[in-house]
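The values are calculated or read from the model by the stated rules, or taken from the named source; none is laboratory data. Predicted model, so just to flag it, every value in this text is computed and none were measured. Every residue, glycine among them, receives a Cβ derived from its backbone with ideal geometry; neighbour counts consider all protein chains shown. Side chains included, ligands, DNA and RNA excluded: accessible areas come from the protein's heavy atoms. Shrake-Rupley method; radii C 1.70, N 1.55, O 1.52, S 1.80 Å.
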Amino acid sequence: MFQKTYYFQSIDELDDILNTISNSEAYNSASGILMQLYNSKTDVDEQAMINKIISQCPKACLTGMTAANIATEEYDISNFPLQLSVTYFKETQLVQFEFDMENTTAFVAGRVMSKALEDLENVKCLQILYYANSISINSFVHEFNHHHIPTFGAKAGRNIRVLNPAHIYGKGVYSTGFIVVAFVSTSLKIYMDNNLGWQPIGLEMAITKTSGNSTVVEVDKKPAVDIFSKYLKVSPNNHFVQNVCEFPLIIERNNFKIARVPSGYLQDGSISFTSDVQKGDHFRLSYANPDNLFALTAQSVNDVHNFEPEALFIFECGNRVKFLKDKYLEEINQYYHYYPELSVTTGYAELFYTDDGFGGDLNSALVAVGLKESDNSTDCIIPCREYVEEKRDLSNQKIDQEIPFVERILTFLESTSKELDNLNKELGKVAYTDQLTKIYNRWELERKIEEALELTNQGMSYGLFFIDIDHFKHVNDTYGHDVGDSVLLSVVNVIKESLKEGHIFGRWGGEEFVYIIPDVDEKTAVEFAESIRKKIDDICFVTVKHLTISLGVTLAKPNDTLTSFVKRADDAVYEAKESGRNQVKFHLD
């Protein structure tokens, strides 16, 4: 397989390019041909361009989109030529799917896509170009994410000054929808790299109220815009987005760091975003240093080069281009140096899902995707590239040379933020961690329960287990407090083995523990609690040998308070102990 990329300024120039492609031996012998059309212009007849390509190259899978152009006028990219990148495969077959959201829903489209993947064998990866709101792309991908297929792509954008409509390209031009290409192969290998580079700074905050899927109403129960006026002295005005977009929110989901960039504000102090935000998300503001971004990119280029791809696709966020300004090409040229035929586009968001289903739509990132057909290679997927600081070479720096102010202030900012970050982590451990067991303490558990109750009022379901070690006083009286502490640690370690994503476990006090579990009903909550009870009952402990626990289980109800929620579970565990211990009881009244 190999890749060839063409550039042109008008549709008239396209004829010669298409003639060259369609008459080539590579076109006629390829098992699959991927055409990626990326358009940064605002004055092109898009449908005429699509018709011409399909007419002259019917064998190819055509995908594409309009580019995001949100940089200032000085760094406008609308004068960039159109780009048509063609990748010829020798063994891989391509299957294309198009979903026009004017005629269907994201859920239905996702179900159709899932059924199609069930019928296809050896799907190696997916490319998705889309233009839809964040809830739609997440709903769409959710329906087939269980197939565990690496997925990449981008969200189309537009020119913020001309306000041309954003479009995606397939067999037609779509204002909203999804264009999916499935790469079917037994020999295809993939490289995927999520290169963010923004560094979190300051205190962690929580999204406490949202509207829909992409609007934050409150942060720490205060109007969302207040965080930018407090930390950046930016008030809501015509330049709000331009003043805050270089300081995106950094959220961590499933150990996967994602950025969220504001796209506007509302009169009530809410902030809208280009991608999804969720109530309960914890985040920090962030900043970037161009030198650090380039250092990360250099690491990415090195890893790409080691993978030795036969085709390379770059998807870069428009916000990253806006931040880098005239240095934008300097970053991309690091890849061009080794892969001059690569394809590159800028979007409102970048799509990145690993083969285990983690990821989502990203902001401010650069996603590099390499492909090659090989039986003697392995895949390489980097979920989120971390900055590795390298020692500076000061040998050529004059001692009495003045260092630019921006470099000095960025160095100061980086150094102090790292020190504060380390200090905050240590203080955080003291604040929310039980000293003996290193799990959540009661103070943090109460905060987590309050958050769960707020989400319950939004329609989510939560169960709460109150766990009590049976006859623990006898353990302390018989064997001493050191053995008692050892028993507590052993019980905690066993219960921690049951922890799953979204579960919360902590020490309420003494030999009492609380376990919070999301998305459950009475049956599943009791069954899960029973599995924990049985694990403890089956273990032979050092010194004390046999030990049991009693559990009280309840479900959160609308308008529950912290007191009422915990009391029901406490009453249930009391009943379990009165009924003979080593059992699970459920209360809902």
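Does Phe283 count as out of contact with any helix residue (DSSP H, G or I) (no Cβ under 7 Å at 6 or more places or on another chain) and of a type outside the set (Asp, Glu)? It is true that Phe283 is out of contact with any helix residue (DSSP H, G or I) (no Cβ under 7 Å at 6 or more places or on another chain) and of a type outside the set (Asp, Glu). For segment 202-217, the condition of being more than 30 Å from Asn302 (Cβ to Cβ), among the aliphatic types (A, V, I, L, M), open to solvent by 50 Å² or more (accessible area, probe 1.4 Å) and not assigned by the TED database to the domain that holds Glu454 holds for at least one residue. All of Val573, Val553 fail the test of being open to solvent by less than 60 Å² (accessible area, probe 1.4 Å), of a type outside the set (Gly, Ala, Ser) and in contact with a helix residue (DSSP H, G or I) (Cβ under 6 Å, 6 or more places away or on another chain), apart from Val553. Residues that are within 18 Å of the chain's Cα centre (by Cα) and part of a strand (DSSP E or B) are absent from segment 157-179 altogether. For Phe586, the conditions (1) under 17 Å from Arg447 (Cα atoms); (2) crowded, with 19+ Cβ neighbours inside 10 Å all hold with the exception of (1).
Listed by first and then second residue, the pairs with beta-carbon distance under 7 Å, at least 6 apart or on different chains, first residue in segment 87-108 and closer than 26 Å to Thr186 by Cβ and part of a strand (DSSP E or B), second open to solvent by 50 Å² or more (accessible area, probe 1.4 Å) and of a type in the set (Phe, Trp, Tyr), are Tyr88/Phe2. Condition check for Ile54 on (1) open to solvent by 40 Å² or more (accessible area, probe 1.4 Å); (2) within 25 Å of Tyr339 (Cα to Cα); (3) in a helix (DSSP H, G or I): one failure, at (2).
Please work out if Ala109 is among the small types (Gly, Ala, Ser), in contact with a helix residue (DSSP H, G or I) (Cβ under 9 Å, 6 or more places away or on another chain) and either more than 20 Å from Asp379 (Cβ to Cβ) or not assigned by the TED database to the domain that holds Asp355 (or both). Yes, satisfied. For segment 570-577, the criterion of a residue being assigned to a strand (DSSP E or B), aliphatic (A, V, I, L, M) and in contact with a strand residue (DSSP E or B) (Cβ under 9 Å, 6 or more places away or on another chain) is satisfied by no position.
Residues that are touching a Ser or Thr at 6+ places or on another chain (Cβ under 6 Å) and polar (S, T, N, Q) were ranked within segment 328-362; the one that is least open to solvent (accessible area, probe 1.4 Å) is Ser343.
The lone criterion from (1) open to solvent by less than 10 Å² (accessible area, probe 1.4 Å); (2) within 26 Å of Gln278 (Cβ to Cβ); (3) part of a helix (DSSP H, G or I) left unmet by Tyr130 is number (3). Out of all the residues in segment 29-47, which are over 34 Å from the mean Cα position of the chain (by Cα) and modelled with pLDDT of 95 or more? Listed by number, the residues that qualify are Ser29, Ala30.
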